[in-house]
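Only the coordinates and a few stated rules stand behind these numbers; no lab work does. Keep in mind that this is a model prediction, so the values were computed, not measured. Positions of Cβ are generated from backbone atoms using ideal geometry, with glycine treated the same way; all protein chains shown enter the neighbour counts.
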Amino acid sequence: MDWPALKLSLELAAWTVLILLPVGIAAGRVLAYRQFGGKAWVEALLALPLVLPPTVLGYYLLVVMGGASPVGQFYESLTGRPLVFNFEGLLVASVIFNLPFAIQPVQRGFEAIAPEVRDAAACCGLSFWRTLWRIELPLAWPGLLSAMVLTFAHTLGEFGVVLMVGGSIPGETKTIAIAIYDRVQAFDNAGAGVMSAALLLISLLAIGAAYYTSARLRPRRHG
Amino acid sequence: MMVMTEGIRIRLRQAGPIPLDATLDCAPGEVLALVGPSGSGKTTILRAIAGLLQVAGGEIACNGECWFDAARRLFVPARQRRVGYVFQNYALFPHLSALHNVMEAMLELPPAEREAKARDWLARVRLTGLEERLPAALSGGQQQRVAVARALAREPKVLLLDEPFSAVDRATRQRLYRELAELRRELAMPVILVTHDLDEALMLADRLCVLHQGRSLQAGEPYAVMTRPDSVEVAQLVGLRNVFRAGVIGHDLEQGITRIEWRGHRLEARLQTAHAPGEQVNWVIPQGHVVLHRRDRPSRGERENPLRGPVVECLVLGEQVALTVAINGSQRPPLFLSVPTHVARRNDITTGVEIGVSLLAEGIHLMPRDETRTPPRPRGQGAAAGKLATL
């Protein structure tokens, strides 16, 4: 078992969830309640990582974030390190390729709230933040939970984008998915088997817990 | 700008997407019913009053405070208007208990006072003991009461009720009518009730406003609107079926009657000098003002406006029988009346039988001639033939 790779994967997944949670709430809410020109194109763009081959996405991220690009140069001038082939670059890539997993379930969660319930909140005099905290988030909770679990599990299992943007630097960018591939390449089937089983178990536990909680929490009870 | 310090005054105008041309007002403590068919703009108007929808033109002012003025681009959002809104399906917060639903409407009170006051409101709508229940664990009638308590807990400047009785069964509805009638005696704010049920409006409202395609057509005391409509359009919207055409013969000021000529008959109507002799008018008579003559003691014509004709349709509707009578030929719009089933049975009334009726002068109401609307024609004759025989 490649413990540093497992630790790195869990850290990457946790950071991705942490960053994408507020992004998912904000973007999901806007997409659920606002109408604006070009909305369909924005939704299509956000869903693109679902259908694009990970290597294609990885290639474009490499181009945009690489040392020759303005983004890469700016980051390097700021921190003294390149953006690609390190953990930060991996995190940026992970956040981008998980956008649909973080936004779509939250959007569906907000859309499932009856419009009259939000109208009732306005007539009760609730402020924007009070409505969000007290009414919308508890009711959209199953969507939020799905988004977090899907993002977490998907990050653990991602391979193509991670390899393209991060390479396979042990302790820095070598995730467990890449470690499994390396083991197989080295004919260490036993090692690959243990790590695959670990990944399977963690993913199953995460998704199982989400289904279980979402079934128990619907509707979530207060007072 | 409108000047009105008490109550609410609403004027809404827009060409689309939902056309509106409505003027309404409602005094404190008054219940105004907005009635009209589906799509007449009732709910749209209510949402505009609440601030949930912004229309293109008009003004809304409540107790002298301007909530909306299109000319000045002033729009106070819903959360600042202090309206109590009971939604058609109540729109309770499904994840909060009855108590917390009510408490959410009282955020301006210090937290310590909120719970006690919310319990008080729930007690006033007879929900003591159910405070901790989630909406899904309450019956339709109980949910409606939570919604009313939540709306009133806001201490609103206007109370808006959007078909609040449509989602409950008949027995519950009757009980809720009584409760609302009791509660409204204590309410000091204007109450606007949206309904498509005229009986509900008659029972609960002080005034009624008839809406059609976003236009307010007539407002007034419910019985007056329903018996003395301003136009053929209103007459049809309030369900009056006896709408005919006639010419005005003249007025008798001493006797207090206006005479009209209808299909060769000279009819006496309540004095209505607004229509000049010689004028072509439409006239209407509510079914309650058409009186059946007893067949065993035929009328000798001394009663008001006696007419005779064959029954072309006889439809039993529970306790009442709806009769359609042809006057001067079956090709012309018939006269409709309703009699208790036992009366129809005692008089052996069935399809084809000739009966006599009187049109009470007090009930004959004249309106300007409307060429665009035709009175209802008789339905397929014989369709309900012999219905009474099944009694």
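So what's the gap between the Cα centers of region B:105-152 and region B:170-224, to the nearest angstrom?
When both Cα centres are located, 24 Å separates them.
Helix A:39-51 sits at what angle to the longest principal axis of chain A, using alpha carbons and giving 0 to 90 degrees rounded to 10?
Approximately 40 degrees, to the nearest 10.
What average count of beta carbons from other chains do you get within 10 Å of the Cβ of residues in B:50-56?
Details: counts 3, 3, 7, 1, 0, 0, 0.
Mean partner-chain Cβ count within 10 Å for B:50-56: 2.
In what sequence, highest mean first, do B:50-63, B:107-120, A:142-155 appear when ranked by Cβ atoms within 10 angstrom?
Numbers: B:50-63: 19.5, B:107-120: 13.6, A:142-155: 22.7.
Going by the mean number of other Cβ atoms within 10 Å, highest first, we get A:142-155, B:50-63, B:107-120.
Which parts of region B:141-158 would a label at residue B:108 reach, counting a residue when its backbone N lies under 18 Å from a point 7 Å out along Cα-to-Cβ?
Within reach of a label on residue B:108: B:149-158.
Return, ordered by residue number, the residues of region B:216-238 whose backbone nitrogen is under 14 Å from a label point located 7 Å along Cα→Cβ of residue B:18.
B:216
Once fully extended, how much extra length lies between residue A:42 and residue A:60, figured as 0.36 nm per residue of separation less the alpha-carbon to alpha-carbon distance?
Details: separation 18, 0.36 × 18 = 6.48 nm, distance 1.84 nm.
Gain in length upon complete extension: 4.6 nm.
For B:251, B:365, B:196, which order do you get if you count the other beta carbons within 10 Å of each Cβ and list the fewest first?
Values: B:251 18, B:365 22, B:196 15.
If I rank by nearby Cβ atoms, fewest first, I get B:196, B:251, B:365.
Please give, to one decimal in nm, the separation of the simple spin-label points placed at residue B:196 and residue B:230, each 7 Å out from Cα toward the Cβ.
Placing both labels 7 Å along Cα→Cβ, they lie 2.4 nm apart.
Would you mind getting me the FRET efficiency between residue B:54 and residue B:221? Use the beta-carbon distance for r and R0 = 30 Å, nearest 0.05.
Numbers: r = 32 Å, r/R0 = 1.07.
In this case the efficiency is close to 0.40.
Which residues in region A:1-28 place their backbone N less than 15 Å from a point set 7 Å from the Cα of residue A:190 along the Cα-to-Cβ direction?
A:1-2
Loop only per DSSP, at most 10 neighbouring Cβ atoms within 10 Å: give me the trypsin sites (Lys or Arg not before Pro) in region B:31-75, ordered by residue number. Please list the in-between numbers first.
Numbers: sites: B:42, B:47, B:72, B:73; in loops: B:72, B:73.
Taking region B:31-75 and a limit of 10 other Cβ atoms within 10 Å, the loop trypsin sites (Lys or Arg not before Pro) found are B:72, B:73.
Looking at the square roots a ≥ b ≥ c of the eigenvalues of the Cα gyration tensor of region A:3-52, which shape do they give, rounded for a/c under 1.5, prolate if a/b is larger than b/c, or oblate?
Oblate.
Within 10 Å of each residue's Cβ, count the other Cβ atoms and sort B:172, A:79, B:351 from fewest upward. Write out the running numbers ahead of the final one.
Numbers: B:172 16, A:79 11, B:351 21.
By the 10 Å Cβ count, ascending: A:79, B:172, B:351.
In what sequence do A:39, A:174 fall when counting other Cβ within 10 Å, fewest first?
Values: A:39 12, A:174 23.
Result, fewest neighbours first: A:39, A:174.
Suppose each label sits 7 Å from its Cα in the direction of the beta carbon; what would the residue B:73-residue A:197 distance come out to in nanometres?
Simple spin-label model gives 7.0 nm for this pair.
Find the Rg to Rh ratio for the protein assembly as shown, where Rh is the Kirkwood radius over alpha-carbon pairs and Rg uses the same atoms. Walk me through the numbers on the way to the answer.
Working: Rg = 35.4 Å, Rh = 30.2 Å.
Computed over Cα atoms, the ratio is 1.17.
Name the most mobile residue of B:235, B:136, B:322, meaning the one with the largest mean-square fluctuation, in a Gaussian network model of chain B with Cα contacts below 10 Å.
Taking springs between Cα atoms under 10 Å, the residue moving most is B:136.
Using r as the Cβ-Cβ distance of residue B:80 and residue B:117, and R0 as 30 Å, what FRET efficiency do you calculate, to the nearest 0.05? Walk me through the intermediate numbers first.
Numbers: r = 21 Å, r/R0 = 0.70.
Here the calculated transfer efficiency is 0.90.
Averaged over peptide B:329-341, how many Cβ atoms belonging to another chain are found within 10 Å of each residue's Cβ?
Working: counts 0, 0, 0, 0, 0, 0, 0, 0, 0, 0, 0, 0, 0.
That works out to 0 on average.
Between 0 and 90 degrees, rounded to the nearest ten: what's the tilt of helix A:87-97 against the longest Cα principal axis of chain A?
50 degrees
In whole Å, what is the distance between the alpha-carbon centres of region B:1-59 and region A:129-201?
55 Å
Once you place label points 7 Å from the Cα toward the Cβ at residue B:203 and residue B:139, how far apart are they in nm?
1.6 nm
For the protein assembly as shown, what proportion of DSSP beta bridges, expressed in % and rounded to the nearest 5, is antiparallel?
Numbers: 64 of 83 bridges.
If I count the DSSP bridges inside the protein assembly as shown, around 75 percent turn out antiparallel.
Please compute, for peptide B:84-91, the average count of beta-carbon atoms on other protein chains lying within 10 Å of each residue's beta-carbon. Each step should come with its number before you reach the end.
Working: counts 2, 6, 2, 6, 1, 3, 3, 9.
Mean number of neighbouring Cβ atoms from other chains: 4.
To the nearest 0.05, what FRET efficiency results for residue A:50 and residue A:26 with a Förster distance of 22 Å applied to their C-beta separation?
On the way: r = 20 Å, r/R0 = 0.91.
Rounded to the nearest 0.05, the efficiency is 0.65.
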